[in-house]
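> Below are the structure tokens for one structure; questions will follow.
The values are calculated or read from the model by the stated rules, or taken from the named source; none is laboratory data. As the structure is a prediction and not an experimental result, all values here were calculated from the model. The protein model used for the area step is the full one, side chains on, heavy atoms only, and it has no ligands, DNA or RNA in it. Shrake-Rupley method; radii C 1.70, N 1.55, O 1.52, S 1.80 Å.
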Amino acid sequence: MAWKRYSGNDVLRLLREIELSLAEGLDVVSACRTAGVSDATYYNWRKKFGGVSKSQRAEKKALEKENARLKRIALVVIRLNPGRSNQLGSKSNRLGHGRFQLDRNQSLAYLDARS
């Protein structure tokens, strides 16, 4: 079989096709063969995407994007205040690791000042 990359929506569509074939009574190998993927790929996809709808996938992608944005903001704040990185509050109220820890209140104040 040729190597091919499938997008998340394509994977969900193929998983749905295979599930419908299985409901009709085909075995896993035959259902995967009609969809054009191997049974090992099907099991990996089912483990990774099983039970995920398109809306849940979009929500997860949006959360990952927001998380990356917040991490970039946290790095900016740390670079602006390098001397205060070890004096930022209790352990449960910190973001980051080691000497690059950031107080949530400080990061929110920075965001309010920037907007």
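> Pull out the extension gain between Leu20 and Arg46, defined as 0.36 nm times the separation in residues minus the alpha carbon to alpha carbon distance; nm, one decimal.
8.0 nm
> Using only the heavy atoms of the protein chains and a 1.4 Å probe, how would Arg16, Arg5, Arg33, Arg69 rank by accessible area, largest first?
Arg5, Arg33, Arg16, Arg69
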